[in-house]
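The values are calculated or read from the model by the stated rules, or taken from the named source; none is laboratory data. Predicted, not measured: the structure shown is a model, and the values here were computed from it. As a convention, Cβ positions derive from the backbone with ideal geometry for all residues, glycine included, and neighbour counts pool all protein chains shown. Accessible surface is based on the protein model in full, side chains and every heavy atom, while ligands, DNA and RNA are left aside. Shrake-Rupley method; radii C 1.70, N 1.55, O 1.52, S 1.80 Å.
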Amino acid sequence: MSIFIDENICNGCKGLAEARCERICPGDLCYRKENTKAAIRDQSACWTCACCVKECPVQAIELRLPFQVCSNGASLKVRLKPDKTIWSVWDADKHQEEFIIQAKRLKGDK
Amino acid sequence: MGIINIDTDILIIGGGAAGCFAAVEIYKKSPNCKVVIMEKAHIERSGCLAMGLNAINAYIHSGQTPESYVSYVEKQFMGVIRKDLVYSIAQGLNDAVKDVEEMGLPIDKNEDGTYKERGKRSIHIFGERLKPILAEAVEKTPAQVLNRVVATNFIYNGKRVCGAFGYGVRNSTFYVVRAKAVIVATGGASGIYKPSNTGGARYLMWYCPWNVGTGYAMGIRIGAEMTSFENRFIALRVKDVHAPTGTIAVGAHSKQINARGEDYLERYYKHLGGIKCFTQHRLLATIEETKAGRGPCYLDTTTLSEANERKLKEDFLNMNPQIILLWASKGMNPRNKPVEIQGTEPFVVGGHCQAGYWIDKERRTTIKGLYAAGEVAGGAPKKYVSGSWVEARIAAITAMEDIKGISLVNIDDRVIQIEKGRVLSPLNKKSGISPLEMRERLQKIMDEYAGGISANYALHEERLLEARRLLKSLKEHIKDMSAVNNYNLVEALECIDRIDVARVLVEHLIYRRETRWSCYQTRLDYPEKNDDRWSVFVNSVYNPEADEIIMVERPLCK
Ligand SMILES: Cc1cc2nc3c(=O)[nH]c(=O)nc-3n(C[C@H](O)[C@H](O)[C@H](O)COP(=O)(O)OP(=O)(O)OC[C@H]3O[C@@H](n4cnc5c(N)ncnc54)[C@H](O)[C@@H]3O)c2cc1C
Ligand code: SF4
Ligand code: SF4
């Protein structure tokens with residue numbers, strides 16, 4: 001499994017013609033089931049690029065790695081702020097590490 | 001199914017690094033010039049830059065010059081490069097980077113405002129948002145962006161390219177875009193060879209899995225001249241997640257060690273008289289060590305300080321979050337254990353190596369009305385992201401100049417119907433070969449007979465001739481492919497394009513009877529480099545009527 005979508009958190013981007021994750025995935029893998037919850041078409045076609053993870057406004061999507069390359073347990077979520085990116089990484093024991101990284105110069109930044 | 005007709009001055013195919021930059025450039029120089037971008041995904045996160053970048057790998061620091069840049073690339077590529085192209089790139093690198101900084105890209109700086117030197121020719125950036133930043137710059141122009149429209153073929157009247165056909169996967173609509181000039185910027189090709197991760201992890205690869213060489217294939221099909229496909233690229237990367245080793249080696253000064261803890265690189269380049277290890281020799285050395293029973297090989301990260309370990313993780317999050325997950329899932333940190341490295345499957349790219357369209361210094365291809373920039377353009381290796389921007393600028397300026405006095409060409413409805421029929425035919429079949437089956441068959445042939453991972457990348461004539469034969473018969477099965485929905489249809493079209501690229505690649509591999517680039521092009525039957533005979537470019541032109549690939553040689557230029 002490459003991404004995990006928590007259906008309890010996903011609000012289906014209600015009101016949008018195209019869900020945000022659906023709009024952004026470079027491989028066109030995300031879609032909405034009967035216009036409600038997001039799903040991934042094919043886990044084995046996922047680049048694990050995290051674009052959908054970044055785009056989801058309610059952090060319903062987690063990035064994982066396929067079991068084929070490593071044992072499961074670790075996961076990662078992201079929040080985008082106008083000028084920075086906030087990463088939360090959980091290891092197999094659920095220890096969390098957080099990273100806040102500059103991502104964009106706003107007007108007036110040197 | 002409906003058809004949408006669009007007319008424009010300049011059509012850009014592929015809204016990646018080069019495509020977005022070209023659109024912005026055209027607007028700056030000629031605000032009234034009409035521009036359309038046709039993009040398979042969504043320009044906000046598409047192509048190689050979707051995950052972000054932590055470095056710009058081509059930059060001229062003070063003390064370096066465009067001339068020293070050219071001589072570096074020439075040495076790394078054993079003398080066979082288009083010096084004129086590389087020089088024109090080198091001249092424009094710093095300006096292009098400045099432009100992208102102004103769009104909003106944060107770049108690591110010294111106190112005096114100059115960019116920090118990450119490596120001799122690279123700078124350190126905080127580039128997680130690089131692609132959205134480029135897309136935002138495009139949005140500020142009047143360019144019309146067709147997201148989720150997959151280019152399928154050029155519109156070509158035998159004299160010039162007059163636009164392109166595309167398929168809109170969201171609205172199931174066929175696009176006919178007429179243009180006075182077309183800039184192709186679709187990136188390189190992945191998925192030609194069996195990938196290092198297979199089965200459920202098969203798309204966990206280094207190169208962007210949706211850059212499948214369509215730009216090359218469209219050019220091949222109209223007889224555009226291609227160069228140096230045999231100069232394949234194989235990346236030395238962190239095992240399984242393909243995180244770039246440069247981030248560790250350059251960013252954290254780590255050594256390459258074998259399973260015995262020995263620094264093994266020197267053995268492989270010192271005797272060649274080199275004072276520095278070339279990119280290809282790092283890969284060669286790693287493969288040879290493993291063959292000799294001294295693998296796995298690693299980057300020794302155990303000397304990292306805690307603060308630098310944190311910095312390394314941040315750098316990776318900016319371009320390859322997978323490695324952070326890999327470490328987390330193993331409950332390890334790079335300071336505790338060296339990082340295992342391996343070679344990827346071969347890719348056909350013009351950004352790290354030099355496979356692509358044969359172009360003139362102005363970025364004109366050999367077909368009138370068609371220009372190439374970025375990974376799809378050949379002859380200029382190590383252009384990376386910044387070089388792709390420079391090429392985009394040059395191609396844009398040339399196209400703007402050339403369209404003066406040119407008018408749009410009428411397109412025969414029969415031509416449109418034929419292409420529409422070709423594109424949609426997999427959808428009209430109830431059963432047949434699935435795109436997945438087709439792709440895996442291709443990858444198996446290429447892996448086993450054209451120097452994939454299972455062959456340690458090595459090539460020789462008898463096997464290549466078998467690859468040639470198998471690919472020809474594979475092409476005959478294209479008509480048997482079936483697709484159940486639009487997503488599946490795109491996969492089918494990707495297979496067709498990959499097969500066209502693979503056939504040209506195999507002819508190039510057969511033709512160069514020497515070993516010029518270790519691993520990228522190692523001929524077991526011609527193991528030596530032969531400068532007297534092979535200091536030339538190997539080029540090809542496809543003849544669609546005869547289904548024949550004609551090889552041509554071009555001399556090195558000054
Ligand atoms: C994983 C990775 C890491 C890299 N790291 C670095 C780095 O740290 N520093 C550096 O300087 N360089 C780096 N590079 C190289 C750099 O990203 C590329 O050289 C650069 O992006 C090439 O630009 P391009 O426009 O040719 O291709 P891309 O940026 O990939 O753009 C190609 C575009 O064409 C679109 N497209 C493809 N097919 C079609 C079609 N049929 N119809 C319509 N659109 C299509 C794609 O969706 C994409 O948007 C890296 C590359 C990769 C893959
Ligand atoms: S972006 Fe998030 S909330 Fe919207 S559909 Fe996708 S997963 Fe659900
Ligand atoms: S991780 Fe990337 S490839 Fe995978 S579903 Fe999300 S956006 Fe698509």
Worksheet, complete the sentence: The ³J(HN,Hα) series, computed from each phi in the stretch B:443-448 with the Karplus coefficients 6.51, -1.76 and 1.60 at θ = phi - 60°, rounded to the nearest Hz and given as x for glycine or proline, is 5, 5, 4, 5, 4, 7
Worksheet entry | Inter-chain Cβ neighbour average for residues B:236-248, partner chain, 10 Å | 1
Practice prompt. Return the percentage of antiparallel bridges among DSSP beta bridges fully within the protein assembly as shown, rounded to the nearest 5 %.
Written response: 75 percent
Worksheet, complete the sentence: Each residue of A:11-18 has, on average, a number of other protein chain C-beta atoms within 10 Å of its C-beta equal to 1
Practice prompt. Please report the buried accessible area for the interface of B with A, total over both chains, probe 1.4 Å, in Å² to the nearest 100.
Written response: 4500 Å²
Worksheet item: Given the Cα-Cα distance of B:Arg260 and B:His61 and 0.36 nm per residue of separation, how much length would full extension add, in nm?
Response: 67.9 nm
Worksheet entry | Nearest-ten-degree value, helix B:461-476 long axis tilted from longest Cα axis of chain B | 40 degrees
Worksheet item: Structure shown: which of A:Lys81/B:Lys337; B:Lys131/B:Lys313; B:Lys239/B:Lys291; A:Lys104/B:Lys109 lie over 25 Å apart, alpha-carbon to alpha-carbon?
Response: A:Lys81/B:Lys337
Discussion item. With angles folded into 0 to 90 degrees, how steeply does helix B:66-76 sit against the dominant principal axis of chain B? Use alpha carbons for both and round to 10.
Written reply: 80 degrees
Item to complete: Starting from the Cα gyration tensor of the stretch B:96-196, multiply each eigenvalue by 5, take the square root, and state the resulting semi-axes largest first in whole Å.
Response: 35, 19, 15
Worksheet item: Can you give the accessible area per residue of the stretch B:518-558, in Å², using a 1.4 Å probe?
Response: 58 Å²
Discussion item. Taking each residue in B:118-128, count the Cβ atoms of any other chain within 10 Å of its Cβ, then average. What number comes out?
Written reply: 2
Worksheet entry | the stretch B:255-343: radius of gyration and largest Cα-Cα distance (Dmax), Å | 14.4, 43
Worksheet entry | Other-chain or far-sequence residues with amide H under 5 Å of B:Tyr156's (modelled H) | B:Cys162
Response to the item:
For the stretch B:322-345 the residues that are at least 40 Å² less accessible with all protein chains than alone, 1.4 Å probe, are B:Gln322, B:Leu325, B:Ala328, B:Ser329
Practice prompt. Determine the residues within the stretch B:197-213 where the difference in accessible area between the chain on its own and the full set of protein chains amounts to at least 30 Å²; count protein heavy atoms only and use a 1.4 Å probe.
Written response: B:Gly200, B:Ala201, B:Arg202, B:Tyr203, B:Leu204, B:Trp210
Discussion item. Taking θ = phi - 60°, what integer Hz values does the Karplus form 6.51 cos²θ - 1.76 cosθ + 1.60 yield along the stretch B:329-346, in sequence order, with x for Gly and Pro?
Written reply: 6, 8, x, 10, 10, x, 6, 8, 8, x, 9, 6, 10, 7, x, 7, 6, x
Worksheet item: From largest to smallest, what semi-axes in whole angstrom does the protein assembly as shown give when each is the square root of 5 times an eigenvalue of its alpha carbon gyration tensor?
Response: 33, 31, 26
Practice prompt. Would you kindly compute the Cα radius of gyration of the stretch A:3-102 and its largest Cα-Cα separation (Dmax), both in Å?
Written response: 13.5, 39
Discussion item. Report the per residue volume, in Å³, of the convex hull enclosing the C-alpha atoms of the stretch B:1-155.
Written reply: 147 Å³
Discussion item. Just to check I understand the Karplus step: with θ = phi - 60° and J = 6.51 cos²θ - 1.76 cosθ + 1.60, what whole-Hz values come out for the stretch B:521-534, glycine and proline as x?
Written reply: 8, 9, 9, 5, 7, 9, x, 9, 7, 10, 5, 4, 8, 10
Worksheet item: Measuring from centroid to centroid over Cα atoms, what is the spacing of the stretch B:253-271 and the stretch B:54-105 in Å?
Response: 28 Å
Discussion item. Just to be sure I follow: if Rg is taken over the C-alpha atoms of the stretch B:163-228 and Rh is the Kirkwood radius over the same atoms, what is Rg/Rh?
Written reply: 1.05
Worksheet item: Over the Cα atoms of the stretch B:146-274, what Rg and Dmax result, in angstrom?
Response: 20.8, 62
Response to the item:
Under 5 Å from the placed amide H of A:Ala103, counting only residues 5+ away or on other chains, we find A:Lys84, A:Thr85
Worksheet item: What accessible area, in Å² to the nearest ten, does a 1.4 Å probe give for B:Arg160?
Response: 50 Å²
Item to complete: Please find the FRET efficiency linking B:Asp531 to B:Ser473, where r is the Cβ-Cβ separation and R0 is fixed at 30 Å, and quote it to the nearest 0.05.
Response: 0.20
Worksheet item: Where the only charges are on Cβ atoms (+1 Lys, Arg; -1 Asp, Glu), what is the dipole of the stretch A:3-102 about its Cα centre, to the nearest 20 debye?
Response: 260 debye
Response to the item:
The correct ranking of A:Arg41, B:Arg237, B:Arg260 by accessible area at 1.4 Å, largest first, is B:Arg260, A:Arg41, B:Arg237
Discussion item. Viscosity 1.306 mPa s, temperature 10 °C: give me the Stokes-Einstein translational D for chain B in µm²/s, with Rh taken as the Kirkwood radius over C-alpha pairs.
Written reply: 67 µm²/s
Item to complete: Could you tell me the accessible area of A:Phe4 in Å² (1.4 Å probe, neighbours in place), rounded to the nearest ten?
Response: 70 Å²
Response to the item:
What helix-only [θ] at 222 nm does chain B give? Using -39500 (n - 2.57) per DSSP H run of at least 4, over all residues, to the nearest 500, the answer is -11000 deg cm²/dmol
Worksheet item: Between B:Leu427 and B:Ile550, how many nm apart are label points set 7 Å from Cα along the C-beta direction?
Response: 3.7 nm
Worksheet item: What's the tally of Lys pairs in the stretch B:357-462 whose alpha-carbon atoms lie under 27 angstrom apart, where the two lysines are 8 or more places apart or on different chains?
Response: 11
Worksheet item: Over chain B, what is the mean sequence separation of C-alpha contacts under 8 Å (at least six apart), divided by residue count, expressed as relative contact order in percent?
Response: 20 percent
Worksheet entry | Crossing angle, helix B:279-291 versus chain B [Cα axis fit, 0-90 degrees, rounded to tens] | 70 degrees
Practice prompt. Post the alpha-carbon centroid distance, the stretch B:123-167 to the stretch A:44-110, in whole angstrom.
Written response: 27 Å
Fill in: B:Thr279 accessible area, assembled protein chains, probe 1.4 Å, Å²
60 Å²
